Amino acid sequence: MSRGLRRSLAAALVALLAAGLLVVPGWLRGLSLVVRAAGMQGRVETALADWRTVPFDVSDVRVPTRHGPVRARLYRPVTQRGRTVVLTSGVHADGIDEPRLVTLAEDLAMGGQAVLTPEPPDLLRYEITPRLPDIIEDAAVWAASQADLAPDGKVNLFGISFSGGLSVVAAGRPALKDRVAATLSFGGHGDLPRVLTFLCSGELPDGSHLAPHDYGVVIILLNVAEELVPAEQVEPLRAGIRTFLRASHQAMVDGRLAAQTFAQARELQAELPEPAATLMGHVNTRDVAALGPRLLPFVKTFAADPALSPERSPPPTAPVFLLHGAGDTVIPAMESRRLAAALSPHTEVHALATPLITHAEMDGPRALVDVWRLVRFWADLLDA
């Protein structure tokens, strides 16, 4: 988070405290989490961040699923308060080691909640498949069956990015009907074909346009590569795409390493035959305008399985919380609005689109009311 955002949040929090809006204990839990997530370090902010925090232990475990055991990490507070959270990352090769996932898990554990982060193998390969909600469901069933983690047999189910929508799918399944107390979709989707259509065209359901992030269209190419190149070129092309995506993640933390990995992606392009070489060239130049029309004819078939879209799956009966960045260009905020409308006849829904978040991370313009709404959202979720 930028220094400017931290300063603005600090000023907003002081104003809210002065107005007496954050003195209710439940709201203090939400405030404490927001301050920790923002990485704020002033004297007042540190005191708020440390409010009722506890140390926690971290261990790796294996969680049984119908698709075989998966690696997972368990964050267990010394003194547990609140429900255990099953938290799944977005589409990312770092899996349970992804820094933003680790930070959120640690922030929740410091607040007293045990956190289990399962690692579906498909996410590590940047693949979106119907196996993902199965694994999320099975991980939640396993956690809810552990008496030390879920004394009342219930857990909370949190998902980031595409795993947000898939967590809502999992929460609506019969095996979890009485085992999920609340579900959070953090920057998630409602209808996967609709999102993929946006990523290829920039067109939103209401007819307006928004420039899509190249990250999403590159992931689509990886998933439908077999439709565009001969069979012998599929895996070499995917290897190049994964190299590019790895460099994109590295760019957030290590510019020099990212530059080296981007160079490797260009070298792999030079080794590819046509038509894979041209497609990889579009990836390396982030040419969404060239890739989008090539991919658009395949997205509806690729994303047709109802298990990939919460709007096409049975709805959960427990409350659903939808948190979204107002200007998200990977999964537009309109997805949460539409999902909220689809779920509202069936369950309690809390939805917030905020400029304090981009795509599942804190960053963006600041205002007092935005901070207040974000704190209230997290307070309601943590008390669910």
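The values are calculated or read from the model by the stated rules, or taken from the named source; none is laboratory data. No experiment lies behind these values; they were computed from the predicted model shown. Reconstructed Cβ throughout: ideal geometry from the backbone, glycine too, with neighbour counts over all protein chains shown. For the accessible areas, the whole protein counts, side chains as well, though only heavy atoms, and no ligand, DNA or RNA atoms are used. Shrake-Rupley method; radii C 1.70, N 1.55, O 1.52, S 1.80 Å.
Tabulated data for the structure shown
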| read-out | value |
| --- | --- |
| Whole-percent carbon and sulfur share, accessible surface of the range 253-384, 1.4 Å | 55 |
| Only Lys, Arg (+1) and Asp, Glu (-1) charged, at Cβ; the range 263-356 dipole about Cα centre in debye | 220 |
| Segment Glu127-Ser145, length gained on full extension (0.36 nm per residue, minus Cα span) | 3.6 nm |
| Distance between modelled label sites at Lys177 and Thr347, nm, 7 Å Cα→Cβ extension | 1.3 |
| Length gained when the stretch Ala304-Asp97 is fully extended (0.36 nm per residue, less Cα-Cα span) | 71.5 nm |
| Calculated Rg and Dmax of the range 255-363 using C-alpha coordinates, Å | 19.1, 54 |
| Amide H contacts under 5 Å for Thr317, placed H, 5+ residues apart | none |
| Equivalent ellipsoid, the range 54-114 (semi-axes from 5 times Cα gyration tensor eigenvalues, Å) | 21, 14, 9 |
| Other-chain or far-sequence residues with amide H under 5 Å of Val70's (modelled H) | Val63, Thr65 |
| Centre separation in Å (Cα based) which lies between the range 207-267 and the range 277-298 | 10 |
| Gained length - Met252 relative to Thr278, 0.36 nm times residue gap less alpha-carbon distance | 6.7 nm |
| Table column - 3J(HN,Hα) (Hz), the range 290-303, Karplus curve with 6.51, -1.76, 1.60, x for Gly and Pro | 7, 6, x, x, 5, 8, 3, x, 9, 5, 5, 5, 4, 9 |
| FRET efficiency, Ala326 to Glu271 (Cβ-Cβ, R0 35 Å, nearest 0.05) | 0.25 |
| Kirkwood-based Rg to Rh ratio, the range 150-304, C-alpha trace | 1.06 |
| Under 5 Å, built H, 5+ apart or other chain: amide partners of Phe56 | Val78 |
| In order through the range 246-256: 3J(HN,Hα) via Karplus (6.51 cos²θ - 1.76 cosθ + 1.60), integer Hz, x for Gly, Pro | 4, 5, 4, 5, 4, 4, 6, 10, 8, x, 5 |
| Cα-Cα P(r), the range 125-228, percent of pairs per 10 Å interval | 14, 38, 27, 16, 5, 0 |
| Distance between modelled label sites at Asp152 and Val78, nm, 7 Å Cα→Cβ extension | 2.7 |
